[in-house]
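J.: One structure, pasted below without further comment.
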């Protein structure tokens with residue numbers, strides 16, 4: 001399907017499949033640590049299991065994006081959903097932490113194939129002058145799903161049991177794979193050349209300065225986000241806040257992020273998208289150090305709202321900006337790189353700052369994340385300087 005065939009119905013189907021797939025996948029997120037503990041896993045092993053998922057998703061997103069360009073968009077979408085479904089069903093048969101880690105490798109591989117293919121499909125069916133709002137709606141749909149999924153998974157764990165949550169997740173994903181098979185357009189293979197030739201041609205993307213700027217902005221913002229997700233509970237507890245208060249801070253960030261994406265997407269279709277990415281990184285550079293200085297719940301909530309605004313500005317605009325800067329035949333690979341930067345950036349923020357907190361306190365750690373966001377903003381502008389913002393087509 002091309003942009004000429006754009007209509008609301010195909011785009012709504014993409015939003016439905018994207019949201020339902022992430023909802024079904026994220027049902028397992030709060031359940032995994034508890035289920036792993038029943039199999040004898042300690043905190044370190046739980047971290048390794050989640051780490052296996054993050055690393056696999058990050059590393060495989062780039063070759064998966066290359067396959068999206070070679071095979072067309074639809075087959076990687078369906079294959080990715082099937083892989084995540086199988087991983088959930090395999091978990092129901094696991095009897096050791098090692099088996100869980102192996103199943104989660106497949107989970108990471110499935111999301112690595114699914115995410116860049118879906119982002120590429122959105123760009124394929126939506127006209128370029130509507131990409132901002134399209135990515136605003138699509139990312140809003142999946143972000144809501146990623147927020148509701150863990151909450152629903154926690155409820156299901158109480159009602160049907162830990163192991164059965166993974167069965168529910170796998171069953172729902174299998175239904176989504178069937179829906180994708182029946183409804184998604186049959187996209188043709190994009191490359192007819194040998195794999196090594198396609199890979200060599202795709203490496204030219206590394207010379208694309210605007211694309212490198214976008215990938216840098218993605219990774220730099222995700223470092224701070226990974227720090228926020230991992231260490232906010234411990235930081236808040238150090239100031240006497242209970243888990244309910246922590247939930248309010250997380251909710252403030254998530255709600256602001258979700259609510260802001262659609263209007264920001266509309267703005268992104270009318271202004272220079274680089275300005276929105278810059279504004280988002282600047283918000284993060286201010287909000288993260290301020291959060292590290294906060295001692296009261298109200299101030300933490302305000303800082304979390306600032307982070308939500310920053311994430312909404314950055315990620316709504318950057319997807320459309322990437323599409324502008326790469327040829328259509330390499331769009332899948334570019335989205336794979338983008339997806340990889342998300343996962344690896346979050347992992348870096350979590351692991352690197354976790355090590356750093358052995359020597360520095362929380363305010364220093366959050367301030368360092370703010371400095372990284374600020375440096376990322378400056379490098380983003382430097383790489384884009386004298387670069388054309390005209391859409392690249394082939």
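The values are calculated or read from the model by the stated rules, or taken from the named source; none is laboratory data. Nothing here was measured: the structure is a model prediction, and the numbers come from that model. So basically every Cβ, Gly included, is an ideal-geometry build from the backbone, and we count neighbours across all protein chains shown.
Condition check ((1) buried (at least 24 other Cβ atoms within 10 Å of the Cβ); (2) farther than 30 Å from residue 204 by Cβ; (3) touching a residue at least 40 places away in the same chain (Cβ under 8 Å)) across all residues:
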residue: 292; (1), (2), (3): no, yes, yes
residue: 304; (1), (2), (3): yes, yes, yes
residue: 313; (1), (2), (3): yes, no, yes
residue: 326; (1), (2), (3): yes, no, yes
residue: 334; (1), (2), (3): yes, no, yes
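J.: From the list 307, 311, 300, pick out the single residue that is assigned to a helix (DSSP H, G or I) and farther than 22 Å from residue 380 by Cα.
T.: Matching residue, one of 307, 311, 300: 300.
J.: Residue 99 - would you say it is outside any helix (DSSP H, G or I) and outside the structural domain of residue 261 (by TED's automatic domain parsing)?
T.: no
J.: A further question on this structure: Please determine whether any residue of region 18-31 is modelled with pLDDT under 80, part of a helix (DSSP H, G or I) and closer than 22 Å to residue 336 by Cβ. Quick ask: steps written out before the conclusion?
T.: Filtering region 18-31 down to residues modelled with pLDDT under 80 leaves 29-30.
Still in the list and also part of a helix (DSSP H, G or I): none.
No, region 18-31 contains no residue that is modelled with pLDDT under 80, part of a helix (DSSP H, G or I) and closer than 22 Å to residue 336 by Cβ.
J.: Output yes when any residue across region 373-383 is modelled with pLDDT under 90 and under 17 Å from residue 214 (Cβ atoms), and no when none is.
T.: There is at least one residue in region 373-383 that is modelled with pLDDT under 90 and under 17 Å from residue 214 (Cβ atoms).
J.: Which of the residues belonging to region 84-100 are surrounded by fewer than 21 Cβ atoms within 10 Å (Cβ to Cβ) and within 28 Å of residue 334 (Cα to Cα)?
T.: Selection gives 86 alone.
J.: Can you pull out every residue in region 310-327 that is touching a helix residue (DSSP H, G or I) at 6+ places or on another chain (Cβ under 8 Å) and closer than 16 Å to residue 210 by Cα?
T.: Matches in region 310-327: 314, 315, 317, 318, 319, 320, 321, 322, 323, 324, 325, 326.
J.: Can you find a residue that is in a helix (DSSP H, G or I), within 20 Å of the chain's Cα centre (by Cα) and modelled with pLDDT of 85 or more anywhere in region 182-194?
T.: The answer is no; no qualifying residue exists.
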